[in-house]
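The values are calculated or read from the model by the stated rules, or taken from the named source; none is laboratory data. Worth saying up front: this structure is predicted, and the values here are computed from it rather than measured. FYI the Cβ positions are ideal-geometry reconstructions off the backbone, even for glycines, and counts take in every protein chain you see.
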There are 2 protein chains.
Amino acid sequence: MNIAEQLDKINRQLTAKGYKLTPQREMTLEVLLENEKDHLSAEEVFMLVRQRFPEIGLATVYRTLELLAELSIVQKMNFGDGVARFDLRMDGQAHMHHHLICKVCGALEEIKDDWLTDLEQRLAREYGFQVTDHRLDFTGVYQTCRNNNEPCKRTGKAVS
Amino acid sequence: MNIAEQLDKINRQLTAKGYKLTPQREMTLEVLLENEKDHLSAEEVFMLVRQRFPEIGLATVYRTLELLAELSIVQKMNFGDGVARFDLRMDGQAHMHHHLICKVCGALEEIKDDWLTDLEQRLAREYGFQVTDHRLDFTGVYQTCRNNNEPCKRTGKAVS
DNA sequence: ATGTTTGCAAATTATTTGCAGCAAA
DNA sequence: TTTGCTGCAAATAATTTGCAAACAT
């Protein structure tokens, strides 16, 4: 599914709920679609959208992201660095992908497999809890990073 | 292990790194120990500590929590409500407990089992990634809550 | 003496809100 | 012509920082 098609689909989702796909919203979605791999903060989205739509206001980006999160079109996340990050969530996936966060190089890799179906069934059985979503992040170190044992380029933090 | 013993242990951890267990830090730790089940925000910790040590400043609580997180004595977490929450992490557990977050009643249940050892071995093998920590939260609904289908008492949010 | 820790107040950062104008149904 | 959507500026909320005083080693 290419970007135009995806936009079209989202447009239908919006209209179905009585919202409009304004130029601002469209540009925001384009940025999200083009950077599907990253986990952009509102500020980052803002700066990227601005490049193609300079009149846009930061508040609009926030409002758009909030709306999209409300409709489960994007996923709002928190990695503990004090900024909310946003991720497209295509084909109404019930589940998030997982993350590997390397303490050395700061890399944030995504794992698309869903490893938790068994656990979720167990939760339903043993805890009477019906899972609708989950979040699974691993912190650690890549072997390759452990070798060249230097502090992280981004944060400057030492390997712990 | 009772509270006095735990404090003692933490005291040794602090001294080992050249930090002191000041009265403020001790009171903060007591509050954390007594509320091990909750996930308190800095503000909540502050208000509880204040009851027994009224002179304490909010900044001190923040600094203490940050220090304790640095030393892996507490775990700093984010559940997406815009506040950082803190949890004691006894016996240097390598791993966090997991969470069940009910969308109806807002309950936040802890699951102490570690269900991810298999996955972590797989990550080491297949991705060359050595896990040091992880985070696993499930969002969903308790069966019992689904029945009385009312919005959440805390947040007022409707069941989705 | 030296360096740590504290309380307070001020600063910073991320996010939200009030409001007047504009645009679309 | 009502309602939604926007940009701007101001407000809020959480957290951090500067600083001088108190404390501990």
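Observations
- Scope region B:28-39; condition surrounded by fewer than 20 Cβ atoms within 10 Å (Cβ to Cβ) and hydrophobic (A, V, I, L, M, F, W, C); matching residues: B:L33
- Hits in region A:57-84 (condition: aliphatic (A, V, I, L, M) and either in a helix (DSSP H, G or I) or within 8 Å of DNA strand C (Cβ to nearest atom) (or both)): A:L58, A:A59, A:V61, A:L65, A:L67, A:L68, A:A69, A:V83, A:A84
- Residue check for B:A69: within 12 Å of DNA strand D (Cβ to nearest atom) and within 29 Å of B:E120 (Cβ to Cβ): yes
- Pick from region A:72-107, criterion more than 10 Å from chain B (Cβ to nearest Cβ) and among the small types (G, A, S), ranking: nearest to DNA strand D (Cβ to nearest atom): A:G106
- Subset of region A:64-117 (residues that are acidic (D, E) and modelled with pLDDT under 90): A:D81, A:D91, A:E109, A:E110, A:D113, A:D114
- Checked against the criterion of being closer than 30 Å to A:A69 by Cα and either touching a residue at least 60 places away in the same chain (Cβ under 8 Å) or outside the structural domain of B:D137 (by TED's automatic domain parsing) (or both), the candidates B:E110, B:E34, B:E70 yield just one match: B:E110.
- Of all residues making up region A:35-56, the number that are more than 28 Å from B:F79 (Cβ to Cβ) and either of a type in the set (S, T, Y) or not in a helix (DSSP H, G or I) (or both): 4
- Any chance A:E110 is outside any loop (DSSP other than H, G, I, E, B), closer than 23 Å to B:G80 by Cα and more than 10 Å from every other protein chain (Cβ to nearest Cβ): yes
- Looking only at residues in region A:1-14 that are within 15 Å of DNA strand C (Cβ to nearest atom) and within 17 Å of A:R63 (Cα to Cα), the one that is surrounded by the fewest Cβ atoms within 10 Å (Cβ to Cβ) is A:N11.
- From A:L32, A:L21, residue being at pLDDT 95 or above, assigned to a loop (DSSP other than H, G, I, E, B) and either under 23 Å from A:V131 (Cα atoms) or touching a Leu at 6+ places or on another chain (Cβ under 7 Å) (or both): A:L21
- Counting only residues that are within 15 Å of DNA strand C (Cβ to nearest atom) and more than 27 Å from A:L100 (Cβ to Cβ), region A:23-45 holds 6 of them.
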